[in-house]
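The values are calculated or read from the model by the stated rules, or taken from the named source; none is laboratory data. This structure is a prediction, so every number in the text was calculated from the model and none was measured. Cβ atoms come from the backbone with ideal geometry, glycine included; neighbour counts cover every protein chain shown. Only protein heavy atoms, including side chains, enter the accessible area calculation; ligands, DNA and RNA are left aside. Shrake-Rupley method; radii C 1.70, N 1.55, O 1.52, S 1.80 Å.
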Amino acid sequence: MQRGRCRPIWKGRYFTWYAPGKTWNIQYHPNKACGTAPVYVANKATSALYYYTPYQPNAAALRAGYGTGDSCSSYGNRNFYNYFTDWFGSTQVPASTSPAVTGAIATEWQRNGGESGSYGLPTATAVYVAANGGGYVQQFKAGVIWKPSSATRAYSMGLGPYLTNYRAAGAESGAWGWPIGEAECRLRDGGCKMPFQNGTGFYSPEVASNLVPRGFDELYELLGSERSRFGYPKTVAVAGPSQGYVQDFQGGTIAYSPATRLVEVSGDTLATWRAAGGVNSRYGYPMTAMKSVLANGGGFVQEFTAGTVWSSSAGAFAMGFGPYRTNYVASGGAAGRWGWPTGDADCTLAGRGCSMSFQKGVALYSPSTGSDLVSAEVAKAWTAFGGAGVLGYPAKAQSSVSANGGGFVQEFTAGTVWSSSAGAFAMGFGPYRTNYVASGGAAGRWGWPTGDADCTLAGRGCSMSFQKGVALYSPSTGSDLVSAEVAKAWTAFGGAGVLGYPAKAQSSVSANGGGFVQEFTAGTVWSSSAGAFAMGFGPYRTNYVASGGAAGRWGWPAGEATCRLANGGCTMAFQTGVVAYSSGTASHLIPSGAILIEWMKRGGTSSTLGYPIAEAVTSNGLRSQRFEGGQIVLNTVTGTVTIR
């Protein structure tokens, strides 16, 4: 061979390389005039045989056995065959161990090298499978070949994870259907893909195999399929209405329908949409890519065929088509005065209403009132008071009131919520609210509410705290405001069940340091610098009033009454002493000082002295007071106390 030059391996001056897997026209004799005939060179052994003996025997050479044929006969390959079979037996695989391979399956098998090729010998005859339009399947040692009825050729797949996954999906009888094209491997990340009746099956070592359904796969291919940022499919496609699907890929989730094409869904929007049912939810398929909105802290909006999902730092929340969403969008949506949604809509409210929390408050809706936004504080009070079932829905926009420190008033169809620095509190329609409004409401003498109404009181009454006191109501007395101190004493003494309700407005008394008197339907509360203390109707109160009350010699009460003592008695501290009472002794004042101290030291009403039976008197330097069991005498000169 000349240095620096070489001939192709398949062709030399004397020899020709007949590559395996092809059909070649091979001569009968070195004399080309003797002609040629086609020979399928199935494998490397046959190819090597014809490389060294490049002529095939003609009919005359075959008839002659080991003898001489005619002038066009050659004998090398004939003799090799004769000697081999004489020594080693037949070169053919027995029929019992090598099932027949015929038709389009045989063509595909031979294309892949036949018995010495990729798939090896058949392990079973071809069988007919009726599923998905029908066809034939034949198993080989290293793979499978399918001939679907819908195709003119057969398609093959070797053993490995791709075939394993296809079989796991039901093979030709499953969701993928029959192969309808050749497998294409050596893809990105060592993957493969192959067209099937119902889509394209993709495989990669990282995510195994999954089918991208028909229609979906065509658009996915336009995106770049596994070469795109989405990569390979990670999950089985989930079918939805209108011949659509949603499927997870390595780089994101794509939803598809013939009407919306391919749209990506991601992040919190994806989680919210999936939680609602995804493509089968009331929101349908995504129609647009997520749109960024910078206002009110920023977030994303994604439109679906029957609703919208808003996603911000507060989370992702959805609304289906309808008046509630329409009103929100009309208010400016996420960029408007409501801001971004911060909670799910609740459309199970009375009167087919809805509520939903937003950055700037809570939007309440009913078919009769439409939608309006109330503050979070107002919404909390509205909910606590019974919500739509009690207060109804916003009747007009919130109004501002500057008096008494300022705040806001929200009117509802069946009540009102007042909101100030003290909190937000509600009242339903009725005389209690009517009386408050008549008094001037938040701008009036009661001021802003500072606590919830309690309407579980005796006699169907109510109490509610305000800036300027506590308003007490009963159907028979109406409403009146009492001071917080009076209300505390009233409550401590038994409230409406003992003292009843205000009988008239509070009055002022200037005597003995001054204070206020509040008459109730069943008692009285006196309020002074010493505190507020109550007495119910009865002889004890009667005697106090008869003595001049707060303006009399007893002065203002200075402590709670202690009753249920021996003989139905009571004691109570006043500015000038302690008044003791029993059913047999009436009421008498024990003046502050040595006599009171001695009586209390000895045990008061439970001592041998018992109750006082007369007022204290002073005569000739002695101050004394008679009790049931004796007399306490104070020498005002020496300070000596004696019992007589």
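Where the centroid of each part is defined by its Cα atoms, how far is segment 125-164 from segment 12-77 in Å?
35 Å
About the Cα centre of segment 38-181, how large is the charge dipole given +1 on each Lys and Arg Cβ and -1 on each Asp and Glu Cβ? Please answer in debye to the nearest 20. All intermediate terms of the calculation are to be shown ahead of the outcome.
Numbers: 8 positive and 5 negative charges, 30 e Å.
With Lys and Arg at +1 and Asp and Glu at -1, about 140 debye.
How far is the Cα center of segment 396-413 from the Cα center of segment 217-242, in Å?
Taking the Cα centre of segment 217-242 as reference, the centre of segment 396-413 is 55 Å away.
Mean residue ellipticity at 222 nm from the helices of the chain, using -39,500 (n - 2.57) per DSSP H segment of n ≥ 4 over the full residue count, to the nearest 500 deg cm²/dmol? Provide the component values of the computation, followed by the final result.
Values: 15 runs with 120 residues, N = 644.
When only DSSP H runs of four or more count, the value is -5000 deg cm²/dmol.
Once you have all Cα-Cα distances for the chain, histogram them in 20 Å bins from zero and send the whole-percent values.
In whole percents, the pair-distance histogram is 13, 22, 18, 15, 12, 10, 6, 3, 1, 0.
Where the convex hull is taken over the Cα atoms of segment 514-564, what is its projected area averaged over directions, in nm²?
Here the figure is 3.4 nm², rounded to one decimal.
For segment 260-321, what is the Kirkwood estimate of the hydrodynamic radius, computed as the reciprocal of the mean inverse distance between distinct Cα atoms, to one decimal in Å?
Working: mean 1/r = 0.0879 Å⁻¹.
So the Kirkwood estimate lands at 11.4 Å.
Filter LYS44/LYS141; LYS193/LYS291; LYS44/LYS234; LYS32/LYS147; LYS32/LYS141 down to the pairs with a C-alpha to C-alpha distance above 31 Å, please. Working shown, then result.
Numbers: LYS44/LYS141 19 Å; LYS193/LYS291 33 Å; LYS44/LYS234 41 Å; LYS32/LYS147 41 Å; LYS32/LYS141 41 Å.
From LYS44/LYS141; LYS193/LYS291; LYS44/LYS234; LYS32/LYS147; LYS32/LYS141, over 31 Å: LYS193/LYS291; LYS44/LYS234; LYS32/LYS147; LYS32/LYS141.
Heavy atoms only, 1.4 Å probe, whole protein assembly: order LYS468, LYS193 by accessible area, highest first.
Details: LYS468 100, LYS193 25 Å².
Ranking LYS468, LYS193 by accessible area, largest first, yields LYS468, LYS193.
Kindly report the accessible area of segment 494-627 per residue (heavy atoms of protein chains, probe 1.4 Å, no ligands, DNA or RNA), in Å².
Working: 5790 Å² over 134 residues.
Value for segment 494-627: 43 Å² per residue.
State to the nearest 20 debye the size of the charge dipole of the chain about its Cα centre, where the only charges are +1 on K and R beta carbons and -1 on D and E beta carbons. Don't skip to the answer; put the middle values down first.
Values: 46 positive and 31 negative charges, 320 e Å.
Once rounded to the nearest 20, the dipole reads 1540 debye.
Could you tell me the largest-minus-smallest coordinate of the C-alpha atoms of segment 317-359 on each of the three principal axes, in descending order and whole angstroms?
Sorted largest first, the three principal extents are 29, 18, 15 Å.
Among the GluC sites (Glu not before Pro) in segment 512-620, which ones are in a DSSP loop with at most 13 other Cβ atoms within 10 Å of the Cβ? Mind listing them? Could you put the intermediate results ahead of the total?
Values: sites: GLU519, GLU560, GLU598, GLU615; in loops: GLU560, GLU615.
Loop-located and lightly packed - GLU615.
Counting just the Cα atoms, what span does segment 148-202 cover along each of its three principal axes? Round to the nearest Å and put the largest first.
33, 23, 19
Leaving out ligands and nucleic acids, and using a 1.4 Å probe, what accessible area per residue does segment 207-340 come to in Å²? Don't jump to the answer; show the numbers that get you there.
Values: 5630 Å² over 134 residues.
Each residue of segment 207-340 exposes 42 Å² on average to a 1.4 Å probe.
Filter the trypsin sites (Lys or Arg not before Pro) in segment 133-181 to those in DSSP coil with at most 12 other Cβ atoms within 10 Å of their Cβ, and list the result. Could you put the intermediate results ahead of the total?
Working: sites: LYS141, ARG153, ARG167; in loops: LYS141, ARG153.
Passing sites in segment 133-181 are LYS141.
Computing the accessible area with a 1.4 Å probe over protein heavy atoms, can you report the carbon and sulfur percentage for segment 485-558? Write down the numbers at each step before the final one.
Numbers: 1700 of 3040 Å².
Roughly 56 percent of what the probe reaches on segment 485-558 is carbon or sulfur.
Which of the listed residues, ALA532, GLY336, SER313, is farthest toward the dipole's positive end in the chain, when Lys, Arg count +1 and Asp, Glu count -1 at the beta-carbon?
The Cα lying farthest towards the positive end belongs to SER313.
Per residue and in Å³, how big is the convex hull formed by the alpha-carbon atoms of segment 170-294? Each step should come with its number before you reach the end.
Numbers: hull volume 14.8 nm³, N = 125.
Convex hull of Cα atoms, per residue: 118 Å³.
Round to a whole angstrom and tell me the spacing of the C-alpha centers of segment 342-371 and segment 479-493.
Cα centroid to Cα centroid, the span is 38 Å.
Over the chain, what is the relative contact order in whole percent, taking alpha-carbon pairs under 8 Å and six or more residues apart? Don't skip to the end; give the middle numbers.
Details: 1329 pairs, mean separation 19.9, N = 644.
After rounding, I find 3 percent.
Which one, LEU294, TRP24, SER400, is farthest towards the positive end of the dipole of the chain when Lys and Arg carry +1 and Asp and Glu -1 on their Cβ?
Result: TRP24.
Given charges of +1 on the Cβ of Lys and Arg and -1 on the Cβ of Asp and Glu, with all other atoms neutral, how large is the dipole of segment 419-534 about its Cα centre, in debye to the nearest 20?
For this selection, approximately 140 debye.
Give me Rg over Rh for segment 233-279, both radii from the alpha carbons and Rh done the Kirkwood way, two decimal places. Intermediate results must be reported in sequence, preceding the final value.
Numbers: Rg = 10.0 Å, Rh = 10.7 Å.
The Rg/Rh ratio comes out at 0.93.
May I ask which residue of PRO557, ALA487, SER225 lies farthest towards the positive end of the charge dipole of the chain, with charges of +1 (Lys, Arg) and -1 (Asp, Glu) on Cβ and the Cα centre as origin?
SER225
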